[in-house]
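Step one of this worksheet: look at the structure below.
The values are calculated or read from the model by the stated rules, or taken from the named source; none is laboratory data. Since this is a predicted model, take the numbers as computed values, not measurements. Reconstructed Cβ throughout: ideal geometry from the backbone, glycine too, with neighbour counts over all protein chains shown. Heads up: the accessible areas ignore ligands, DNA and RNA and are worked out on the full protein's heavy atoms, side chains in. Shrake-Rupley method; radii C 1.70, N 1.55, O 1.52, S 1.80 Å.
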Amino acid sequence: MEINLHSPETEPPVERAHFITITINSFKGRRDVEVHLFRPDYDEAEMASYDWNKLLGDPIHPQVPADPEFSKRVLMEAFTADERDQVIDYIKEHYADRVSVLNSGPVDLPVPLGLPPLSELPEGKTIGFIRFDQIPHYSLPFKLRGMYDLAQHEPLVTGDEG
């Protein structure tokens, strides 16, 4: 498993500023499925302690109203450096043979208003969630989820083969 840790150019203004993605070799009939890992829960006190005037940016679409509380959750779903390291160790221990690449880097700040948190994306035919914290061997002290979109990945078998 290849692990790529990208350091921020400057120290982020908050500790919770790391994203993680993994690429699963084969998943639900697709190859090289990218999964965006996130924390679905957050500490209200931590959220209240942040200076959101510095952490939230301009709206994605100036004409469309954006709920700042929604955009705050984008950052709250990210990881601290310690949490990131725990997740990496967990993935290495339990999924090293199924994950080809793990990428982690700094969240782009400020978070644009109108950007939805991953936990609010609707599950459907191609978008879904891996609920790592519901797997029997799960050992991290916080909930961990992974969002994937199968429509973004090629099938393992195509009609051309055979």
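Before moving on, here are some points about what is shown:
- Pair list, Cβ under 9 Å, 6 or more apart: the stretch 137-148 residue open to solvent by less than 40 Å² (accessible area, probe 1.4 Å), other residue among the β-branched types (Val, Ile, Thr) and outside any strand (DSSP E or B): 140/87; 144/87; 148/126
- Filtered by the rule that a residue be over 30 Å from residue 58 (Cα atoms), at pLDDT 95 or above and either assigned to a loop (DSSP other than H, G, I, E, B) or open to solvent by 30 Å² or more (accessible area, probe 1.4 Å) (or both), the stretch 113-132 gives a lone residue, 131.
- For the criterion of being closer than 22 Å to residue 56 by Cβ, open to solvent by 30 Å² or more (accessible area, probe 1.4 Å), without any contact (Cβ under 8 Å) to a residue 24 or more places away in the chain and out of contact with any strand residue (DSSP E or B) (no Cβ under 6 Å at 6 or more places or on another chain), residue 89 fails.
- Verdict on residue 106 being surrounded by 12 or more Cβ atoms within 10 Å (Cβ to Cβ) and in contact with a helix residue (DSSP H, G or I) (Cβ under 8 Å, 6 or more places away or on another chain): no
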